[in-house]
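Working notes for the structure below.
The values are calculated or read from the model by the stated rules, or taken from the named source; none is laboratory data. As the structure is a computational prediction, the values presented were derived from the model and not from experiment. Every residue, glycine among them, receives a Cβ derived from its backbone with ideal geometry; neighbour counts consider all protein chains shown.
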Amino acid sequence: MKKASLVIFSIIAVGILCFAGTVSAAKAGYSVGNFQGTEITADGLAGAGEWSDSFGDWLYDGWTKTTSIINTKFEMTTGIMDQWKIEVLSDTTNDAGDAFMFSFCGAQDNAMTPQAADDVLVNYTRSGTVIYRGTGTGWAPDAAIVLGSNVIVASSMAASPASATPHWIIELKFDKSGGIAGTSYNSNVRLAVYDASTKKTLMWPPVSEKDVPNSWGLCDYSTFAGQSIPEGLTIGVMVLMSAGAVIGGTRHFRKQPKTKITV
C-alpha cells in the first residue's frame with residue numbers, strides 16, 4: 001500500500017512540475033505550440049497543405065470548446081514572423097459587423113492592463129483594420145506598427161480542408177521584429193472573433209479579455225521545424241504520461257529482493 005501511494009504521489013508531483021513549467025505569466029493551463037514552418041500567403045484562404053506544418057487548437061464559447069479552429073507557426077524569412085489562421089466554421093454569413101481581435105504581449109509581464117512597451121491589439125473589421133498599442137491603462141492607435149508590413153491580415157468566406165462549407169477564414173502575419181519593442185520569442189496572446197449574425201464572441205483562451213493581458217494564453221516557441229503534435233496533446237500531458245510509464249515500469253520490472261530464510 002505504501003509503495004502504491006508513493007507511485008501516485010510521484011506522478012502527481014511530476015505533473016505539477018511539468019504544467020508549472022509550461023505556463024509563463026499567462027492563463028493557467030492554456031498554451032499553443034509555435035513551431036517553425038513554411039511562409040504562408042496571408043490572403044484568407046487556407047490552401048491545401050499550407051498549414052499542415054502548424055500546431056492547432058480550438059476557439060471557445062465561454063468555457064465550451066467549439067469546432068472552430070486556430071493554427072500557428074512562425075517563419076524567419078525577413079524577420080521573426082508569427083503566422084496565424086483562424087477558421088470560424090460556425091460563421092457562414094458575410095456580415096458587416098463581423099470582427100476579429102488579436103491581442104499580443106511580447107514581454108509576458110503578467111500585467112493587469114495593456115502596457116506601452118510590448119502590448120499590441122489588432123482590431124480587424126470588414127471595413128478596415130486599426131492597430132493599437134497599450135498605454136498602461138488602455139489602448140491608443142499606434143502608427144509605428146504598419147499595416148501591410150509589420151502586420152498583415154486578410155479574410156474570406158471560403159471552403160477549406162477543415163470544412164467544405166464556405167465559412168469565415170482569417171490569416172494573420174505578425175512581425176515581432178518590426179516596430180514592436182520588448183518582444184521575446186515566447187509571448188502571451190488572445191484571439192477572438194465576433195459573429196454579428198449570432199451575436200457571439202468565440203475566443204482563445206476561454207473566458208479571456210482583450211484589456212487584461214494576464215488572462216491571455218501562452219504562445220510557446222520551438223526551434224524544431226516540421227514537428228507533428230497530435231491535437232489536444234500538450235507537453236505537460238506527454239511528460240505526465242511518460243512519468244507514469246517510467247515509475248510504473250520501474251516498480252513492475254524491478255528485481256525482487258531475495259527473502260532470507262531462517263531455520
- Does any residue of the stretch 2-15 turn out to be surrounded by fewer than 18 Cβ atoms within 10 Å (Cβ to Cβ), at pLDDT below 50 and within 19 Å of L218 (Cβ to Cβ)? yes
- Please find, within the stretch 187-220, the residue that is nearest to T113 (Cα to Cα) out of those that are among the aliphatic types (A, V, I, L, M) and not in a strand (DSSP E or B). V212
- Task: For N110, state whether it is in a strand (DSSP E or B) and over 17 Å from N71 (Cα atoms).
- Result: no
- Query: Among the residues of the stretch 121-157, how many are surrounded by 15 or more Cβ atoms within 10 Å (Cβ to Cβ), basic (K, R) and farther than 15 Å from K176 by Cα?
  - Reply: 0
- Scan the stretch 163-186 and give yes if some residue there is farther than 21 Å from Q108 by Cα and not in a strand (DSSP E or B), otherwise no. no
- Out of (1) out of contact with any Pro (no Cβ under 8 Å at 6 or more places or on another chain); (2) modelled with pLDDT under 95; (3) farther than 16 Å from K176 by Cα, what's the single condition that is false for D109? (1)
- Within the stretch 51-81, which residues are modelled with pLDDT under 95 and acidic (D, E)? D53, E75
- Note on the structure: So, first residue on the phi > 0 side of the Ramachandran plot in the stretch 195-218, second residue buried (at least 16 other Cβ atoms within 10 Å of the Cβ) and at pLDDT 95 or above, Cβ within less than 9 Å, six or more apart or across chains; the pairs are V207/Y60; V207/S215
